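Written out below as structure tokens is the structure these notes cover.
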């Protein structure tokens, strides 16, 4: 079962600090840029929606063709955004929660500047493994 | 071999579980560390306000991390979106985790709409510190003010946070007040959310 999915982490200041194409479908160059564009366009919607609820998981907030954008907002207003074509909400929620734990561990590093790019290759490996597991 | 107990060694910090963390940390260790922090910064700056700024920045980094960690660990992944909610979060949860007790009091300022005060009889960080007369209004609680600022700013409630000594009649040592002055946009958003 092939699925397209693009996952980015956007900091509080609207700067992407991590990006990954995690779908199992074949990757195309133009598709990757289109995915990022759609995710950035959805940021406005997230901003308004984030203040209306105290939950962290914001489910599907935007659509593009047959792709859906789901968002998870952390306490520090760091947004985990996923562009995907599947309908597996519980899997996506678990994926976000696990990535949230990983993100907190990265954040606790006193030498990590909050809002800067996450460059740890171990983090990248773990996120891709989680994506394969839950998505 | 001595030392090969049942403790599992993790290759990378990302594999280690977050866990509940240490409930207690040695006060003397912290006091030494904090005094070194203050002394080191004293050699780097020329005046008192710069020193306070540096302490505040150090606290800001702590605040940003404490916010994420506590919301995840103690609040079951619920975010705070309202002013009173975040203030009581700082006043109880953050204080309890950092200093072992909730803050003494949380008051709303009488003169201005956007001012709130968290008061404490004696800040933990000031326990072993005495300010020489020639340093005037310097307050090591700038570190704690920085922590509060870090929490508030990352939650989306930007504020100017400062620490002040407030003399109390009948007591020799003055009380400490953390004054929180919220930015315009916070009040506007609060009014909009109703």
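Structural remarks
- Gain in span if fully extended, residue B:29 to residue B:191, counting 0.36 nm per residue against the direct Cα distance: 53.9 nm
- Nitroxide proxy distance, nm - points 7 Å out along Cα→Cβ at residue B:173 and residue A:55: 4.7 nm
- Ordering of A:101-108, B:33-40 by packing is A:101-108, B:33-40, highest average first (other Cβ atoms within 10 Å, averaged per residue).
- Other protein chain Cβ atoms within 10 Å, averaged over every residue that makes up A:120-128: 2
- Highest-MSF residue in chain B out of B:21, B:150, B:109 [GNM, Cα springs under 10 Å]: B:21
- Shape of chain B from the C-alpha gyration tensor: oblate (a/c of 1.5 or more and a/b not above b/c, with a ≥ b ≥ c the square roots of its eigenvalues).
- Take every Cα pair under 8 Å whose residues are at least 6 apart in sequence, average their separation, divide by the length of chain A, and the relative contact order is 28 percent.
- Selected from A:37, A:95, A:80 as most flexible by GNM, with chain A as the system and alpha-carbon contacts under 10 Å: A:37
- Label-reachable residues, region B:131-148, where backbone N falls under 15 Å from a point 7 Å from residue B:47's Cα toward its Cβ: B:135-138
- Among B:149, B:101, B:22: highest mean-square fluctuation, GNM of chain B, C-alpha pairs under 10 Å: B:22
- Förster-model FRET efficiency, 30 Å R0, residue B:92 and residue A:125, C-beta, rounded to 0.05: 0.20
- The mean number of partner chain beta-carbon atoms within 10 angstrom of a residue's beta-carbon across peptide B:58-64 is 2.
- Exposure proxy ranking for A:81, B:135, A:56, B:117, based on other Cβ atoms within 10 angstrom of each Cβ and starting from the fewest, stands as B:135, B:117, A:56, A:81.
- FRET efficiency, 1/(1 + (r/R0)^6) with R0 25 Å, evaluated for residue A:32 and residue A:111 via beta carbons: 0.25
- Helices in chain B, meaning DSSP H runs of at least 4 residues, each add -39500 (n - 2.57). Divided by all residues, the mean residue ellipticity at 222 nm is -13000 deg cm²/dmol.
- Estimated [θ] at 222 nm from DSSP helical runs (n ≥ 4, -39500 (n - 2.57)) normalised by residues in chain A, nearest 500: -13000 deg cm²/dmol
- All Cα pairs of region A:5-134, percent lying beyond 22 Å: 30 percent
- Across peptide A:69-75, the average count of Cβ atoms from other chains found within 10 Å of a residue's Cβ is 4.
Values in this text are rule-based calculations from the coordinates and carry no lab data. Quantities reported herein were computed from a predicted structural model and do not represent experimental measurements. Note that we place each Cβ from the backbone using ideal geometry, even for glycine, and neighbour counts take in every protein chain shown.
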